[in-house]
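What follows draws every value from the coordinates through simple rules; no lab data is involved. Predicted model, so just to flag it, every value in this text is computed and none were measured. Heads up, the Cβs are rebuilt from the backbone with ideal geometry, glycines too, and the neighbour counts pull from every protein chain shown.
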Amino acid sequence: MLNVCMVGHGMMGIWHSEALQRLDDAQLHTVVGRAPAPAGESTAAPGQGRKPPSTEVFATKYGYKKWTTDLGEALADPEVDIVIIAGPSETHADMAIASLEAGKHTLVEIPIAMNLEGAGRVVATAKERGLTLGVVHPMRFRTERLPAVARIRAGEERVSHVQGRFFIHRLSNVGATGLQRSWTDNLLWHHTTHLIDFGLWMVSGGDLATVDDRIRRITSVYPPIEPRTGIPMELVLVVETHDDQTIVCTGSYYSTEFIYDTLAVTDRDSYRVDERTATMFTGDGPQPIASEQENAQLILPDFVRAVAEGHEPHVPGWSVLPAMRVLHQVQETWDAQHGKQTLPGRPVT
């Protein structure tokens, strides 16, 4: 029986906890949060979302043995085998490194870090310590895509174009759960990470060890900071490969329509997944697929099996570095145009 510590109890903390409740070989051991006392359901200000539940309330609801607001206390517990980092994006790298240095197998929510340097440090620490490191990249778990990825890897199908879109209205600091956030989101280093990693995974047929060599050119349009939020609010990113394939990622935090989908066009078919409606569209028409939550709940069981059996998880830490290198180039281009600035959640390096 593997004991699991959950760090953070927002939307992904909820989804992972529900997945844990169904496992026979893992136990909900400790949850780490920020709010020790019951917080109620009141709002700080109109339109700013509900306050999150207290850590104690969350632990009781999902059946954790312990709860704490001290990460160090949880990491020092010899009973803990696995730590899931599901707190604010800007904390992921430092918390993951602390977990690995404490000898814990670690699963990190996307993004692994808010810059390439941080991502590299997390991956290097896991390698030095001989520990299992996984990253939550849900799009790679979509079972409906796996046959096409296998055919692409085998040379039986060729991708010509991949597109990903993420459009949402995010002028206030409220997350997908409707709860007030203590942190500010980032279109480039969070949501675009999903899209660019998916594109690289598709064009390479899952061969992310060699995908860097496929890239011919990276171009982007990333506007100045929006004064109301303190972050750039839109992005267009285009990656071209030496095999004349294109990956196009677009997103906006201004959109009043919520759009979250991906499209892969090959010489055999086209595959569009609408994450919002849980539908895949191919040449044969639409078909229902697992919901975003149902798909995400495949990730923790996979990681627990990897730890128990001593092999890599489906998304090992090293495999997300190609996506981080693309984002790093976009960030460097933006820094050259606008000057390095300390954006919310992103340290100047």
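In table form, for the structure just shown:
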| item | result |
| --- | --- |
| Inter-residue pairs, beta-carbon under 6 Å, first farther than 19 Å from THR266 by Cβ and in segment 229-247, second assigned to a loop (DSSP other than H, G, I, E, B) and aromatic (Phe, Trp, Tyr), 6+ apart | PRO232/TYR222; MET233/TYR253; LEU235/TYR222 |
| First in segment 65-77 and among the aliphatic types (A, V, I, L, M), second anywhere and assigned to a helix (DSSP H, G or I) and surrounded by 18 or more Cβ atoms within 10 Å (Cβ to Cβ), Cβ under 8 Å, 6 or more apart | LEU71/MET95; LEU71/ALA98; LEU75/ALA98; LEU75/SER99 |
| Count - residues of segment 115-143 that are touching a helix residue (DSSP H, G or I) at 6+ places or on another chain (Cβ under 9 Å) and either charged (D, E, K, R) or not in a helix (DSSP H, G or I) (or both) | 16 |
| Strands (runs of 3 or more DSSP E) completely within segment 251-296 that count 2 or more residues being over 24 Å from the mean Cα position of the chain (by Cα), charged (D, E, K, R) and buried (at least 16 other Cβ atoms within 10 Å of the Cβ) | none |
